[in-house]
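Colleague: One structure, as structure tokens, below. Some questions next.
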Amino acid sequence: MSERPDSAGPDPDDTFDEFAELVEEETRRDADLAVIEAGSRTLRTQGGPPQADVPARPADPEVDKALREVEAELATRWGETKLEPSVARIAALMDVLGEPQRAYPSIHITGTNGKTSTARMIEALLGAFDLRTGRYTSPHVQSVTERISLDGAPVSAERFIETYQDIKPYVEMVDASQEYRLSFFEVLTGMAYAAFADAPVDVAVVEVGMGGAWDATNVIDAGVAVVTPIDLDHTDRLGSTPAEIATEKSGIVKQDATVIMAQQPVDAAQVLLKKAVEVGATVAREGLEFGVLDRQVAVGGQLMTLRGLGGEYTEVYLPLHGAHQAHNAAVALAAVEAFFGVGSRHAQPLDIDTVRKAFASVASPGRMEVVRRSPTVVLDAAHNPAGARAAADTIGEAFQFSNLIGVVGASSDKNVRGLLEAFEPVFAEVVVTQNTSHRAMDADELAAVAVEVFGEDRVQVEPRLPDALEAAITLAEEEGEFAGGGVLVTGSVITVGEARLLLGKG
């Protein structure tokens, strides 16, 4: 078994000077931090699980048929974009199921970007310390079964079907007693919590679907609440400013919990810290109590030095690209340290070799994922301006493309102009398209916005995604000045998932 995180570690003073510089830098960056932290309690410290790729359709025709029947039944319910802000229905389902979500401790994750990658890192760390994990994330890239994972791998189609059939009678009971039927997301949440209790798991890692306070996942009382960076997204439902969005997301912070807070806009940080004070929660902030001390680009990813709640973790390899993933890693590490009581019950750091093994095992499909070479085709699920900016920065850092062609298929309810503007400096040309979702923005409508951003000469329209991929690959392969071309497929998780299938992954 791996060493438990209770061995003696290095003297925290050994790294004080370096971290003091980090604290000074972050305090300068957010001049109001000294004000907004007043009154808050803060944390100050005195091989990993198997990683499975995105699952394909079941090979057994009967199993595939049964899974399609479940998917069809789920599709008759409200989709994830139609919401009635209340946890009454999911609470009623938990009640008739016997409160399965209370059978295990949990780590709850909210924020605008980085939630799924952070959840995967937390899962890998917990698994490396010999804990059985359940992970619930959304949306899926290719298969709905991806959303519920046990021990680092999506549940099998057979188990997914069995779980649905097990809770279906209770779902129908709740449907009959409520004004509105349970939604698609609420049923899946019930399935996840039931599957975790049945396994049973030692800890659940749960990503919110949207917001926090009234999100269906928020029937858990997580001891660790994680808030990844907050930015503008779902503004029609969550609010038009970071502070308004943070108000909804702060709803996952429960009495006496520990809050692991990524770097935030000052107004969002004010809201989160105020909520922490109200409920007696303890706060650890990126850039102050923990953070990224150093990162260097490495083959296939990056090499990091992280400052955790228990001290410094050096030479940590992460097989994911981008500064944003290093920050996600720092957040994930602090969350797991908090779960083990580092910084509150004791000051010993986690075992460094186990931490290194865990991070080296992390995969995050559809997040700067290379799926083809010659030319290189990269998939990234950026779907809002903040995610697009991170992707644009990362593509320039990790890949040496002389001619980058974008393939963009976005959802109609997103800030597509902001997304395209973020990519304009790095795309030589863009091929606009649309995925098969009913939420997809019409390719011609998207093209009209793209022409305003890129100019007519840099925009090509291919309504069918297979044609868009072929056109982009052809453009990237052009000789002469543009040798060394690449393709980035982005704009939506659905677009990325469909492209992944077309390119032979899964």
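The values are calculated or read from the model by the stated rules, or taken from the named source; none is laboratory data. Quick caveat, the model's predicted, so the values are computed rather than measured. Glycine gets a Cβ as well: all are built from the backbone with ideal geometry, and neighbour counts include every protein chain shown. Surface areas here come from the heavy atoms of the whole protein model, side chains and all, with no ligands, DNA or RNA. Shrake-Rupley method; radii C 1.70, N 1.55, O 1.52, S 1.80 Å.
Colleague: Just reorder Asp231, Asp393 by solvent-accessible area, largest first, 1.4 Å probe, all chains present.
Modeller: Asp393, Asp231
Colleague: Now for a different question. Please compute the length gained on full extension between Ala323 and Asp294, using 0.36 nm multiplied by the number of residues separating them and subtracting their Cα-Cα distance.
Modeller: Residue separation times 0.36 nm, minus the Cα-Cα distance, leaves 9.4 nm.
Colleague: Here's something else I'd like to know. Can you pull the accessible area of Phe340 for me, 1.4 Å probe, Å² to the nearest 10?
Modeller: Taking all protein chains as shown, Phe340 has close to 30 Å².
Colleague: Once you order the gyration tensor axes a ≥ b ≥ c over the Cα atoms, which shape class does the stretch 107-151 get: rounded for a/c under 1.5, otherwise prolate or oblate by comparing a/b with b/c?
Modeller: Oblate shape, in that a/c is at least 1.5 and b/c is the bigger or equal ratio.
Colleague: Please report, to two decimal places, log10 I(q)/I(0) for the stretch 275-382 at q = 0.13, 0.15, 0.16, 0.21 Å⁻¹ as given by the Debye formula with identical point scatterers on the Cα atoms and no solvent.
Modeller: -0.53, -0.67, -0.75, -1.09
Colleague: What ranking do 381-388, 57-64, 144-151 get when scored by the average of other Cβ atoms within 10 Å per residue, highest first?
Modeller: 381-388, 144-151, 57-64
Colleague: Can you tell me the dipole magnitude for the chain around its Cα centre, using point charges on the Cβ only (Lys, Arg +1; Asp, Glu -1), in Debye to the nearest 20?
Modeller: Using Cβ point charges on Lys, Arg, Asp and Glu, the chain gives about 860 debye.
Colleague: Placing +1 on the Cβ of each Lys and Arg and -1 on the Cβ of each Asp and Glu in the chain, which of Val431, His383, Val203 has its Cα farthest towards the positive end of the resulting dipole?
Modeller: Most positive-ward Cα: Val203.
Colleague: Then there is this: First check a/c for the stretch 202-323, with a ≥ b ≥ c the square roots of the eigenvalues of its C-alpha gyration tensor; if it is under 1.5, answer rounded, and if not, answer prolate when a/b is larger than b/c or oblate otherwise.
Modeller: Prolate is the answer for the stretch 202-323, as a/c is 1.5 or above and a/b outweighs b/c.
Colleague: Now, a different point. Leu501 versus Glu470, label points 7 Å from Cα toward the beta carbon: distance in nm?
Modeller: For the pair Leu501/Glu470, the computed spacing is 1.8 nm.
Colleague: Put one equal scatterer on each alpha carbon of the chain, apply the Debye formula with no solvent term, and list log10 I(q)/I(0) at q = 0.05, 0.11, 0.12, 0.13 1/Å to two decimals.
Modeller: -0.18, -0.94, -1.13, -1.32
Colleague: Could you provide, to the nearest whole Å², the per residue accessible area of the chain with probe 1.4 Å?
Modeller: That works out to 39 Å² for each residue.
Colleague: Counting only the heavy atoms of the protein chains, how much of Phe423 is accessible to a 1.4 Å probe, in Å² to the nearest 10?
Modeller: That residue has around 0 Å² of solvent-accessible surface.
Colleague: Taking 0.36 nm per residue of sequence separation and subtracting the Cα-Cα distance, how much length would be gained by fully extending the chain between Asp198 and Asp267, in nm to one decimal?
Modeller: Taking Asp198 through Asp267 to full extension adds about 20.7 nm, to one decimal.
Colleague: Next question, about the same structure. How much length, in nm to one decimal, is gained on full extension between Glu397 and Ser86, taken as 0.36 nm per residue of separation minus their Cα-Cα distance?
Modeller: 107.7 nm
Colleague: Could you rank Glu498, Glu315, Glu172, Glu397 by how accessible they are, 1.4 Å probe, largest area first?
Modeller: Highest to lowest solvent-accessible surface, that is Glu315, Glu172, Glu397, Glu498.
Colleague: Can you give me the % of accessible surface on the stretch 364-437 that is carbon or sulfur? Probe 1.4 Å, all protein chains present, nothing else counted.
Modeller: For the stretch 364-437, the apolar C and S fraction of the accessible surface comes to 43 percent.
Colleague: Also, I was wondering about something else. Roughly how much of Lys357 is accessible, in Å² to the nearest 10, using a 1.4 Å probe?
Modeller: Around 100 Å² of this residue is reachable by solvent.
Colleague: Then there's this: From the protein chains alone at 1.4 Å, what is the descending order of accessible area for Arg120, Arg372, largest first?
Modeller: If we order Arg120, Arg372 from most to least accessible, we get Arg372, Arg120.
Colleague: OK, next. Can you tell me the relative contact order of the stretch 151-278? Whole percent, Cα pairs under 8 Å, sequence separation 6 or more.
Modeller: Once normalised by length, the contact order is 20 percent.
Colleague: While we're looking at this one, here's another question. Once amide H atoms are placed 1.01 Å from N in the peptide plane, what residues at a sequence separation of 5 or more from Gln434, or on another chain, have their amide H within under 5 Å of its amide H?
Modeller: It is Leu465, by chain and number.
Colleague: Hey, can you grab everything whose amide H is under 5 Å from the amide H of Val259? Only 5+ residues off in sequence or another chain; H modelled, so Pro and N-termini drop out.
Modeller: Residues meeting the amide H criterion: Ala225, Thr282, Val283, Ala284.
Colleague: With a point put 7 Å past each Cα toward its Cβ, work out how far Glu452 is from Thr241 in nm, to one decimal.
Modeller: Once both label points are built, they end up 2.6 nm from each other.
Colleague: What's the magnitude of the charge dipole for the stretch 358-506 around its Cα centre, counting Lys and Arg as +1 and Asp and Glu as -1 at the beta-carbon? Answer in Debye, nearest 20.
Modeller: 740
Colleague: In addition: What is the distance in Å between the Cα centroid of the stretch 429-453 and that of the stretch 172-229?
Modeller: One Cα centre to the other: 33 Å.
Colleague: On average, how much area does the Cα convex hull of the stretch 100-208 cover when viewed from any direction, in nm²?
Modeller: Mean shadow area of the hull around the Cα atoms is 7.1 nm².
Colleague: For every helix of n ≥ 4 consecutive DSSP H residues, a contribution of -39,500 (n - 2.57) applies; sum these over the chain, divide by its total residues, and give [θ] at 222 nm rounded to the nearest 500 deg cm²/dmol.
Modeller: Result for the chain: -12500 deg cm²/dmol, rounded to the nearest 500.
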